Structures are given as structure tokens and as C-alpha cells.
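Enquirer: For reference, the structure I am asking about is given below.
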């Protein structure tokens, strides 16, 4: 089961809506794993789209009622996710609700929802603004690595204290699946996240409560969103240092290929290995 009582905010109406969103997302994941038909996919997507708008409206009304300082940034996250769902709807309508795109949607929604509820939404109750990463690191790769550790701990309970980090220069990882994100602005290049199969499956199993055996499109899409969140947090930290840094959408690759050299960080955890590099 995806929902956990630790996700509760203590606001009954919002918590009930979050529980329904998790139920809907879990049903969507089960549907794509079972290879459901077009009619069932259409129903699931329509329900998700309508409920997201309904929930976001209520959540923003609650934020306004308590004069939450981080409301503007929170609303922007809502807007971006709503657009993501609408973009998927357009793609799915155009391609006949193919299985691959449905798996992509399920992985993206699962990862975004869990992080939004267990991190971003918790700040509403604590009163904390969404300020992003504030730690200082000498190397870009260290910043991106610690940002990823923070996200994996938040979403999947990964114990940062037991993780072993080792600098790699040059960065030349040998992993099972790679997610790449272009960096633009004052920091130009790309961030590359190399996941071992063991870690990829363990992260998704912890997040969804489901047993997985293959790094399929659902898992890859979830890894893309996890990487997107991690890199977004790192980019925010760079902006706070006065360095303009924007990120492009993530892309999956089965191998590491780059035009330049970079520094990386190898992270060994009890759940598997992740190698993160920044190639400028």
C-alpha cells in the first residue's frame, strides 16, 4: 500500500484527499502492470485530472486561510504538475493510450505525489518556506549527490548515515540505467545519475509497496522524476549562491556517453549504488 500514516498533515480534509490521490495512483500503477484496456486507462486519467484540480484548489484555499508564506511557490508546483498531467493526456489521446506512455505517467505521478506530500506539503504545517538546499559544497557533484540523498531519504526512507560517498574523477560510471539532465545558465553541462538495478527497484518497491523485477518504463519514469526533483533542488541552491542554473527535462539512457570529463560521486547504500556526475 502506498499511503502511510506518516504522510498525514493533521488537517483532516487535506489528509483525506491525499489518501484518495494515493489510492488513485496505486490503482493506476496496478492497472498498467496488469496491462489494462484503453477504457480503464481513460477512466483513470480523467479521474486523476479532475481530482488533482479539485484537491489543489482546496489545498491552496487552506494555505490562504493560514497566511502561508510559501504559497506562491507551492501554487507554482501545483500548476506545473497539472500541466504535466494535461501533457500526458494529449500524448495518450494521440497515441491510443499505449502501454509505454501509461507506464511513464504512472511512474511520474507516483514519484511527484510522494515527494510533494512528504516534503513540500509538510512545510505548510511547519510554516517553513520552500527555500531549497542551503549547505555549502566545494564541488558541483557533491551538491547534486547530497540533494539526491535528501530526496531518497524523504521519499524512500534511505538512511543517509549509512551511505558511503566516494569522489570519482574522471566520472565514468558503470551502472544499469542512466538519467541525464542538461544544465543551462551560468552552470552549463549535464548532470548524470547512474542507478544500479538493485537501487532502482528497491526505491520503487519502497515507494509503492509493490514487488518489481524489471527496470521497465514505469521504473524509468519514476527515476526521471526523482532525478528531476534532486536536480531542481540543487539548481535552487546554486541560484541562492548567485549562479543562474536552469534544468531541462530528464532523459533515460542505457549507457554513459559524454562529450566532456566531469567529477562524480559514488554513493553506496544498503539498497544499491548510485553514481552522480556533473559534466561541464
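Enquirer: Does the range 77-84 contain any residue that is in contact with a helix residue (DSSP H, G or I) (Cβ under 9 Å, 6 or more places away or on another chain), farther than 17 Å from residue 6 by Cβ and free of Cβ contacts under 8 Å to residues at least 12 places away in the same chain?
Expert: yes
Enquirer: Kindly indicate whether residue 87 is touching a residue at least 24 places away in the same chain (Cβ under 8 Å) and either assigned to a helix (DSSP H, G or I) or on the phi > 0 side of the Ramachandran plot (or both). Write out each step before concluding.
Expert: Details: touching a residue at least 24 places away in the same chain (Cβ under 8 Å): no; either assigned to a helix (DSSP H, G or I) or on the phi > 0 side of the Ramachandran plot (or both): yes.
So residue 87 fails the test.
Enquirer: Go through the range 1-50 and count every residue that is part of a loop (DSSP other than H, G, I, E, B) and either within 26 Å of residue 206 (Cβ to Cβ) or under 20 Å from the mean Cα position of the chain (by Cα) (or both).
Expert: Taking the range 1-50 and keeping what is part of a loop (DSSP other than H, G, I, E, B), we get 1-4, 8-11, 35-37.
With either within 26 Å of residue 206 (Cβ to Cβ) or under 20 Å from the mean Cα position of the chain (by Cα) (or both) added as a condition, the list becomes 1-4, 8-11, 35-36.
Final tally of qualifying residues: 10.
Enquirer: Among the residues of the range 5-42, which ones are surrounded by 14 or more Cβ atoms within 10 Å (Cβ to Cβ) and more than 30 Å from residue 124 (Cβ to Cβ)?
Expert: Of everything in the range 5-42, those that are surrounded by 14 or more Cβ atoms within 10 Å (Cβ to Cβ) and more than 30 Å from residue 124 (Cβ to Cβ) turn out to be 31, 32, 33, 36, 40, 41, 42.
Enquirer: If you scan the range 252-280, which residues turn out to be closer than 18 Å to residue 224 by Cβ, loosely packed, with under 15 Cβ neighbours inside 10 Å and either out of contact with any strand residue (DSSP E or B) (no Cβ under 6 Å at 6 or more places or on another chain) or at pLDDT 95 or above (or both)?
Expert: 254, 255, 257
Enquirer: Now a separate question. More than 15 Å from residue 150 (Cβ to Cβ) and outside any strand (DSSP E or B): which single residue out of 268, 246, 255 fits that description? Outline the logic, then answer.
Expert: Details: 268 fails: outside any strand (DSSP E or B); 246 fails: outside any strand (DSSP E or B).
Among 268, 246, 255, only 255 is more than 15 Å from residue 150 (Cβ to Cβ) and outside any strand (DSSP E or B).
Enquirer: Quick one: residue 172 ticks every box in (1) closer than 13 Å to residue 272 by Cβ; (2) out of contact with any strand residue (DSSP E or B) (no Cβ under 7 Å at 6 or more places or on another chain); (3) surrounded by fewer than 16 Cβ atoms within 10 Å (Cβ to Cβ) except a single one, so which number is it?
Expert: Residue 172 satisfies every listed condition except (1).
Enquirer: Might you check whether a residue that is at pLDDT 90 or above and closer than 30 Å to residue 66 by Cβ occurs anywhere in the range 25-36?
Expert: Yes, the conditions are met somewhere in the range 25-36.
Enquirer: Say whether the condition of being touching a helix residue (DSSP H, G or I) at 6+ places or on another chain (Cβ under 9 Å) and within 20 Å of residue 182 (Cα to Cα) is met by at least one residue in the range 204-220.
Expert: Taking every residue of the range 204-220 in turn, at least one turns out to be touching a helix residue (DSSP H, G or I) at 6+ places or on another chain (Cβ under 9 Å) and within 20 Å of residue 182 (Cα to Cα).
The values are calculated or read from the model by the stated rules, or taken from the named source; none is laboratory data. Note that this is a predicted model, so its numbers are computed, not measured. We place every Cβ from the backbone using ideal geometry, glycine too, and count neighbours over all the protein chains shown.
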